[in-house]
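Working notes, structure below.
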């Protein structure tokens, strides 16, 4: 059975992702019978207007808050279904993970705290007012829909970086305060489309849940990061000692 693609957002980004998915379908990169579900709380979102003009029986819209939809559906959807994240909301993976862990652990065991430490050595790092850290290995403007090939098209030189490795190395180097990170790496599917399988969210939740119940996370932080090889966002979950 072909996976369903869940597009987070029905505005300009969702419209762009939907068009790219359909282009990928025509090129054979997306299964011809794959369904696409667009999630947006706005009843008059851009995608709804576009579908009114050009109906597509394989595309449906769910009117819901993004996080509410994830909380309701993520434990029930097939693991092979794929999420197309909204670039304006990389924090959703961390928010769902925090909520899901708090549903299963005693009150006060896990909380989100500001990620004030810096990775260091990167051309761009920014700590948002909400405590989320944005970071990038690029000191330049990247081409649209870049798939992070081995040779960087912006500088015409080999890509020598992998931000997932940066996050993992940082956690290892500060093992007295950090446990192994929870990294949500996007997977290239077709031009302009990177996805995360729904099952990966559950796998990451279950890993942290087992560690917390075993006591191996006590007093430590876990970096939760959604990233590509070149750009990322990270939140910090802290597990209470004892």
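Throughout, read-outs are computed from the coordinates displayed, never taken from laboratory work. The structure presented is a predicted model; accordingly, all values stated were derived computationally and were not measured. Cβ coordinates were reconstructed from backbone atoms using ideal geometry, including for glycine residues, and neighbour counts include every protein chain displayed.
Over the stretch 63-157, the reciprocal of the mean inverse Cα-Cα separation, the Kirkwood hydrodynamic radius, stands at 16.6 Å.
Rounded to the nearest angstrom and listed largest first, the equivalent-ellipsoid semi-axes of the chain from its Cα gyration tensor are 31, 23, 15.
If you wrap the stretch 119-242 in the convex hull of its Cα atoms and look at it from every side, the mean projected area works out to 8.6 nm².
Return 204, 70, 1 ranked ascending by Cβ neighbour count within 10 Å, so the fewest neighbours appear first.
Taking fewest neighbouring Cβ atoms as first place, the list is 1, 204, 70.
Take the Cα radius of gyration of the stretch 87-126 and divide it by 2.2 N^0.38 Å, N being the number of residues; the result is 1.52. Think of it as helices only: each DSSP H run of n ≥ 4 in the chain is worth -39500 (n - 2.57), and spread over all residues that comes to -9000 deg cm²/dmol at 222 nm.
Judged by the gyration tensor of its Cα atoms, with axes a ≥ b ≥ c, the stretch 40-82 is oblate; a/c meets the 1.5 cut and b/c is at least as large as a/b. Annotation: the residues 196, 141, 88, sorted from fewest to most other C-beta atoms within 10 Å of their own C-beta, follow the order 141, 88, 196. Of 73, 194, the sequence from fewest to most neighbouring Cβ atoms within 10 angstrom is 73, 194. Could you work out how far helix 12-26 tilts from the main Cα principal axis of the chain, as a 0 to 90 degree angle to the nearest 10? In the chain, helix 12-26 runs at an angle near 60 degrees to the longest axis. Any idea what angle helix 163-173 forms with the longest principal axis of the chain, computed on alpha-carbon atoms, 0 to 90 degrees, nearest 10? Around 10 degrees separate the two axes. Using only the alpha-carbon atoms, how far is helix 198-214 inclined from the longest principal axis of the chain? Give it as 0 to 90 degrees, nearest 10. Between the helix axis and the principal axis of the chain, the angle is about 20 degrees.
Kindly work out what percent of the DSSP beta bridges joining two residues of the chain are antiparallel, to the nearest 5. So the antiparallel bridges amount to about 60 percent of the total.
At 4 °C and 1.567 mPa s, what whole-number value in µm²/s does Stokes-Einstein give for the translational diffusion of the stretch 1-73, with Rh from the Kirkwood sum over Cα pairs? Answer from the Stokes-Einstein relation: 104 µm²/s.
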